[in-house]
Structure formats: structure tokens, C-alpha cells
1. Restricting to the stretch 76-98, and then to whatever is surrounded by 11 or more Cβ atoms within 10 Å (Cβ to Cβ) and part of a loop (DSSP other than H, G, I, E, B), can you tell me which residue is nearest to the chain's Cα centre (by Cα)?
2. Identify, please: which residue in the stretch 23-70 is under 18 Å from the mean Cα position of the chain (by Cα), hydroxyl-bearing (Ser, Thr, Tyr) and part of a helix (DSSP H, G or I) and is, among those, surrounded by the fewest Cβ atoms within 10 Å (Cβ to Cβ)?
3. For residue 88, all conditions in the list (1) modelled with pLDDT of 85 or more; (2) touching a His at 6+ places or on another chain (Cβ under 9 Å); (3) of a type in the set (A, V, I, L, M) hold save one; what is the number of the exception?
4. What are the pairs, 6+ residues apart or on separate chains, where a residue within the stretch 55-73 that is at positive phi has its Cβ under 9 Å from a residue that is assigned to a helix (DSSP H, G or I) and open to solvent by less than 40 Å² (accessible area, probe 1.4 Å)?
Amino acid sequence: LQKTLILLQVVLSVVVGKTLMVLFPNAMKRYILKMGEKSRMNRNPKFSYENWGPTFFSFKYLQFVLKVKWKRLEDEAFEGQPAPNTPVVTLGGEVRHVLDFMKDNRPLILNFGSCT
């Protein structure tokens, strides 16, 4: 049910966005550039609007957004519920899942940190 609702939401936003791009191209260009400012995409001199702007609200855009949103459904954690089996990458570059590291009845401890 959640995937269906996400599908409807994303398809509707893509249809509306694409329609607005056709009807009001200059206004949508300003809107997309404004969104690019928030993500700092505009600061890269090698990126010009003509390279990435028209890809907004395309079929590939729709596929990408759906993939990301559906993947995030699997990553939700709720108190008292089983932990999500999120994919992780080992130091050797192998893709595994968090729960692959469980052993018998022992608790699994995740320690997050960073080094610079």
C-alpha cells in the first residue's frame, strides 16, 4: 500500500512538473535553479542548467525518485519493532546487510564513528 501511494505521489508530481515546464519554461527554470542553490549544485562551474535542468520530471527522474523512496521504506526503524536489514559495504567493498553480522542470540552492537 505504501509503495502504491508513493507511486501515485511521484507520478502526479512528475506530470504536474512536466506540464508546468511546457507551459511556463522560464518560471520553471528559475524554480529549478533556486532548488539547485539549496543543494549547492549551481556552484560547480561545469554544471550548467542546460545539462541537468531538462532532466527534471523526465521518465528517468521518475524511476530514480521511486527507487530512492521505495528503498527508504526498508530503512525505517520503529521502537519495539525489528531493526531494518539495511545494506552496508564492508571494508573490502563487499555489499552485505546489517543482520548478516548477527551471531546466535548475541546482541549486535553498531558503533558509528568517523576519522578525518
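The values are calculated or read from the model by the stated rules, or taken from the named source; none is laboratory data. As the structure is a computational prediction, the values presented were derived from the model and not from experiment. A quick note on method: Cβ atoms are made from the backbone with ideal geometry, for glycine too, and the neighbour counts reach across all protein chains shown. Areas reflect the complete protein model, heavy atoms only, side chains present, ligands, DNA and RNA absent. Shrake-Rupley method; radii C 1.70, N 1.55, O 1.52, S 1.80 Å.
1. Only one residue tops the list, namely 86.
2. Of everything passing the filter in the stretch 23-70, 55 is surrounded by the fewest Cβ atoms within 10 Å (Cβ to Cβ).
3. Tallying (1) modelled with pLDDT of 85 or more; (2) touching a His at 6+ places or on another chain (Cβ under 9 Å); (3) of a type in the set (A, V, I, L, M), residue 88 fails exactly one: (1).
4. Filtered contacts from the stretch 55-73: 57/14; 57/17; 57/21; 57/28.
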